[in-house]
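Colleague: Sharing a structure with you now.
Derivation of every value follows stated rules applied to the coordinates shown; laboratory data play no part. This structure is a prediction, so every number in the text was calculated from the model and none was measured. Using ideal geometry, Cβ is built from the backbone for each residue, glycine included, and neighbour counts are taken over all protein chains shown.
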Amino acid sequence: MLTGLPSLGVAKSPFVLRHGEVGEQRGETAPLRDGDEEVGRAVRTRHGVKPVFVSAGHRLTLDAACAHTLRLARHHRLPETTRHADALCRRAPASPGGLGTVAP
């Protein structure tokens with residue numbers, strides 16, 4: 001939020017929320033609801049592959065967040081940005097004090 005840049009969230013699992021059936025075709029969606037409020041969407045990024053779970057962040061509508069996710073996930077289930085971040089985290093050496101700890 002400090003930068004003013006738009007943001008969105010993409011997850012591999014819906015955490016605690018549930019969703020209805022998502023069609024098998026790329027681009028089909030189902031709402032993630034917290035009570036009566038739609039707080040995200042299950043989005044199918046590839047035909048026949050498990051959906052990802054998209055939420056709007058700063059300065060983006062849920063529709064725009066889903067559209068960006070589909071544009072960024074042309075060849076894989078996850079958006080390229082998420083895949084690259086995940087790969088970098090896996091290659092980073094583990095610090096003895098855990099995440100965010102700087103060694104002396």
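Colleague: Counting pairs of alpha carbon atoms under 8 Å apart in space and at least six apart in sequence, what relative contact order in percent does the chain give? It would help to have the intermediate numbers written out before the result.
Modeller: Details: 171 pairs, mean separation 23.8, N = 104.
Relative CO of the chain lands at 23 percent.
Colleague: Okay, next question. Tally Lys/Arg at +1 and Asp/Glu at -1 over every other residue whose Cβ is under 15 Å from the Cβ of P31; what's the total?
Modeller: Neighbourhood net charge equals -3.
Colleague: Any idea what the dipole of the chain comes to, in debye rounded to 20, about its Cα centre with Lys/Arg Cβ at +1 and Asp/Glu Cβ at -1?
Modeller: For this selection, approximately 520 debye.
Colleague: Could you give each residue of the stretch 71-85 its phi-based ³J(HN,Hα) in whole Hz, using Karplus coefficients 6.51, -1.76, 1.60 with θ = phi - 60°, and x for Gly or Pro?
Modeller: 5, 8, 10, 6, 10, 9, 5, 8, x, 4, 4, 5, 4, 5, 4
Colleague: For volume of the Cα convex hull per residue in Å³, several values are listed as (i) 137; (ii) 84; (iii) 102; flag the one computed from this structure.
Modeller: (i)
Colleague: On to the next question. How charged is the neighbourhood of L8? Take every other residue with its Cβ under 12 Å from the Cβ of L8, and add Lys/Arg as +1 and Asp/Glu as -1.
Modeller: +2
Colleague: Please compute the net charge surrounding H76, taking Lys and Arg as +1 and Asp and Glu as -1 over other residues with Cβ under 9 Å from its Cβ. Display every interim value, and only then the final one.
Modeller: Details: positive: R46, R74, R77, R83; negative: E80.
Combined, the nearby Lys, Arg, Asp and Glu give +3.
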